[in-house]
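In what follows, a single structure is set out as structure tokens and then discussed.
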Amino acid sequence: MQKSLRNLFIVSIFSIAAVSMAYAHSESGGAKKASVIIKDDDVLEKCVKVEPSRKLHYLFTASKPLNFNLHYHLVDETIFHVKEETTERNEIFTPVKGQKVYCMEWNNHNEDDVSLQYEYSIDD
């Protein structure tokens with residue numbers, strides 16, 4: 001049953017991607033949502049400014065495993081909050097100390113394009 005639900009979800013992702021062509025973005029309420037197609041051997045990076053004492057909440061689902069990391073940049077180095085991992089799904093709710101621009105990054109090392117749906121919000 002779980003496998004058939006997963007297959008149904010993957011088919012749904014591809015259907016949504018086809019309708020949205022390559023990219024769709026919506027900002028309803030406080031959450032920002034997007035559906036994208038990441039071409040084979042390509043990278044998508046989404047960066048957001050997070051004020052002190054706020055929390056970054058994000059989740060995503062992909063049609064195939066992607067390499068994912070969450071990081072921010074200092075003057076001469078990159079600090080990884082979530083180190084690169086290969087996954088199709090992830091959800092994190094992380095408190096932020098000090099103002100930072102956090103970047104969510106997905107790398108597609110598959111031989112095919114991958115459909116990605118992600119959502120994030122910045123909460124108190």
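The values are calculated or read from the model by the stated rules, or taken from the named source; none is laboratory data. Owing to the predicted nature of the structure, the values given are computational and were not obtained by experimental measurement. Backbone-built Cβ (ideal geometry, glycine too); neighbour counts: all protein chains shown.
Selection of region 60-104 for residues being at pLDDT 85 or above and either on the phi > 0 side of the Ramachandran plot or of a type in the set (Phe, Trp, Tyr) (or both) yields Phe60, Phe68, Tyr72, Phe80, Tyr102.
Restricting attention to region 94-102, does a residue exist that is of a type in the set (Ser, Thr, Tyr), part of a strand (DSSP E or B) and closer than 23 Å to Val36 by Cα? Looking through region 94-102, at least one residue is of a type in the set (Ser, Thr, Tyr), part of a strand (DSSP E or B) and closer than 23 Å to Val36 by Cα.
For region 88-116, filtered to residues that are polar (S, T, N, Q) and in contact with a Leu (Cβ under 9 Å, 6 or more places away or on another chain), the residue that is farthest from His73 (Cα to Cα) is Asn110. Total residues in region 47-59 satisfying the condition of being at positive phi and hydrophobic (A, V, I, L, M, F, W, C): the figure is 0.
The single condition from (1) crowded, with 16+ Cβ neighbours inside 10 Å; (2) closer than 17 Å to Leu44 by Cβ that Val96 fails is (2).
Take Asp40 and decide whether it is free of Cβ contacts under 8 Å to residues at least 40 places away in the same chain and either out of contact with any strand residue (DSSP E or B) (no Cβ under 6 Å at 6 or more places or on another chain) or assigned to a strand (DSSP E or B) (or both). Judged against the criteria, Asp40 is not a match.
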